[in-house]
């Protein structure tokens, strides 16, 4: 079954690594039908990493209009890729269940979120904890700021532990056949020229 501790380690270690070194694929190529889900988790985490830092830029009060336009496009792209790779995590689990011939219990129920969505939340939490810890390294802060950040880190670590345990329990139920697993397609509309009203109306106007 999927090792949640290994996923936690991946999230924490790669956030630290990518802040020191160029972004890489330390868990292998995610596009070659990996035997482990970790390369896919790593790629999904990478898009969260890139998305996080673009969002930091766009919130700066002195960012230029041209930079805002560039960053907004990057945010849309990374958010789409983030969601695409949540689905790929869940698709990998579906295939793994089939390979292991997991049989569903007649009364098996669905969970409110998929393992891929929970893994995405853990990825974001790892990023948040890293950047909160960065705050404590600043030399221009007072004790009130330190106390606020320290409290937030404690809350985030509790949420990280709770979500990790919930994911372990969900995966155990899925692989035991007592919970159903299904990939839920995000079906984002804004990046699809045939579904975004602004894009398809503009194209129709251009052809008129």
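For residue 5 paired with residue 21, estimate the spin-label separation in nm (one decimal), with each label point 7 Å from Cα along the Cα-to-Cβ line. Distance between label points: 2.4 nm.
Relative to its residue count, the stretch 46-144 spans a Cα convex hull of 156 Å³ per residue. Taken along its principal axes, the alpha carbon cloud of the stretch 1-84 reaches lengths of 47, 24, 20 Å, longest axis first.
What the Kirkwood sum gives for the chain is a hydrodynamic radius of 19.4 Å, with every pair of different alpha carbons counted.
Say R0 is 45 Å: what FRET efficiency, to the nearest 0.05, do residue 145 and residue 102 get from their beta-carbon distance?
Working: r = 49 Å, r/R0 = 1.10.
According to the calculation, E is roughly 0.35.
Distance between the pseudo-spin-label points of residue 131 and residue 76 (7 Å out from Cα toward the beta carbon): 2.2 nm.
Only counting other Cβ atoms within 10 Å, I'd like 42, 156 sorted with the fewest neighbours first.
Numbers: 42 22, 156 16.
So the ranking, lowest neighbour count to highest, is 156, 42.
Comparing 17, 168, 138 in a Gaussian network model of the chain, where Cα atoms under 10 Å apart are tied by springs, the biggest mean-square fluctuation is seen for 138. For the stretch 94-196, report the % of Cα-Cα distances exceeding 16 Å. So the pairs more than 16 Å apart make up 69 percent of the total in the stretch 94-196. In terms of its Cα atoms, the stretch 127-175 spans 50, 15, 8 Å along the principal axes, sorted from long to short.
Quick note: the coordinates plus some simple rules give every number you see, no bench work behind them. In this text, all values refer to a predicted model and were calculated from it rather than measured experimentally. All Cβ positions, glycine included, derive from the backbone under ideal geometry; neighbour counts span all protein chains shown.
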